[in-house]
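Note sheet for the following structure.
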Amino acid sequence: MGVTENAVGVLRSNGVFAALADDEIDDLIAASSLHKVTAGNPVFSYGDTADAVFFVLSGEIAIEPPPVQGKAVQVATLKPGAILGEISVLDGGGARSASALAAKGATLLRMDDETFLNLLAGSPKLSLAIIKGVIAKLRSADRQVEDITFQPLRARLASFLLKLTDGSEETSIVITQAALANRLSATREKVNRRLQTFQQDGAIKLRRGRIDILDREKLSAFAHRK
């Protein structure tokens, strides 16, 4: 099938699959096909029939619900180890409720819906793992709605920048201000004003298409300031 040698390790990086034995991971990989998507192109689009589940091996996948008043908003960015498309398949294979686009060139495993459901039926561990993963996504969505509703943009922006480097030694984020605005349901102008404030305080340094994190403690203070 030509699946990359590190596929098992990539999938195991997602806690959803941590409880699975090596042979169960091998079965999952063997039942899938390799699927490559170039940057900017869709893995699937809003309204498409949910006929497959995908596992991200490399790259980044942006999740976008239908545009509101013509404005596209990214609600999540999925990285290697993530699973996508499973909720629509579990829901009976109806229409996709959002689009999934390659933010960067991506390599995925594609498993058709029937194979996925058959694997779940034969593996209680895998079924439980997928259920836990879906619950985690729903909780994350609830937190995002709460943040948008109750937190000021300054706090949401600082928290999101910290989240992008959480658990990583990376201190530089490759992202545009327009992309940040989309993720935070804000205008680019408002995001820029908050970023300028962070920069003036010495928390970050702005560069073209990139943000350097200079002081995580200062940025954290913005995240928790009312």
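The values are calculated or read from the model by the stated rules, or taken from the named source; none is laboratory data. Model, not experiment: these values are computed from the prediction. Virtual Cβ from ideal backbone geometry, glycine too; neighbours counted across all protein chains shown. Just the protein is used for accessible areas: all its heavy atoms, side chains included, with ligands, DNA and RNA removed. Shrake-Rupley method; radii C 1.70, N 1.55, O 1.52, S 1.80 Å.
Sorted by mean Cβ packing within 10 Å, highest first, what order do the peptides 12-20, 201-209, 179-187 take?
Descending packing order for the listed peptides: 179-187, 12-20, 201-209.
Once the piece of chain linking Leu128 and Asp23 is laid out straight, how much longer is it, given 0.36 nm per residue of separation minus the C-alpha distance between them?
Here the answer is 36.1 nm.
Only Cα pairs under 8 Å and at least 6 apart count here; give the relative contact order of segment 42-138 as a rounded whole percent.
In percent, rounded to a whole number, it is 38.
How high is the relative contact order of the chain? Use alpha-carbon pairs under 8 Å, at least six apart in sequence, and give a whole percent.
19 percent
Counting only protein heavy atoms and using a 1.4 Å probe, what share of the accessible area of the chain belongs to carbon plus sulfur, as a whole percent?
Solvent-exposed carbon and sulfur of the chain make up 51 percent of the total.
Using the heavy atoms of the protein chains and a 1.4 angstrom probe, tell me the accessible area per residue for the chain in square angstrom.
54 Å²
Kyte-Doolittle mean at least 1.6 and Cα extent at least 27 Å along the axis: which DSSP H helices of the chain qualify?
none
With each label point set 7 Å from Cα along the Cα-Cβ vector, what nm distance links Arg12 and Lys79?
Modelled inter-label distance: 1.9 nm.
Lys79: which lysines have alpha carbons under 28 Å from its alpha carbon, excluding same-chain residues fewer than 8 sequence positions away?
Cα-Cα hits under 28 Å: Lys36, Lys71, Lys104, Lys125, Lys132, Lys137, Lys163, Lys190, Lys205, Lys218.
Using all C-alpha to C-alpha distances in the chain, build P(r) with 5 Å bins and read off the rounded percent in each one.
Whole-percent P(r) values from 0 Å outward: 1, 6, 13, 17, 18, 15, 12, 9, 6, 3, 0, 0.
Can you send over the solvent-accessible area of Arg194, 1.4 Å probe, protein chains only, in Å² to the nearest 10?
70 Å²
If DNA, RNA and ligands are ignored and the probe is 1.4 Å, what is the ranking of Thr77, Thr176, Thr107 by accessible area, most exposed first?
If we order Thr77, Thr176, Thr107 from most to least accessible, we get Thr176, Thr77, Thr107.
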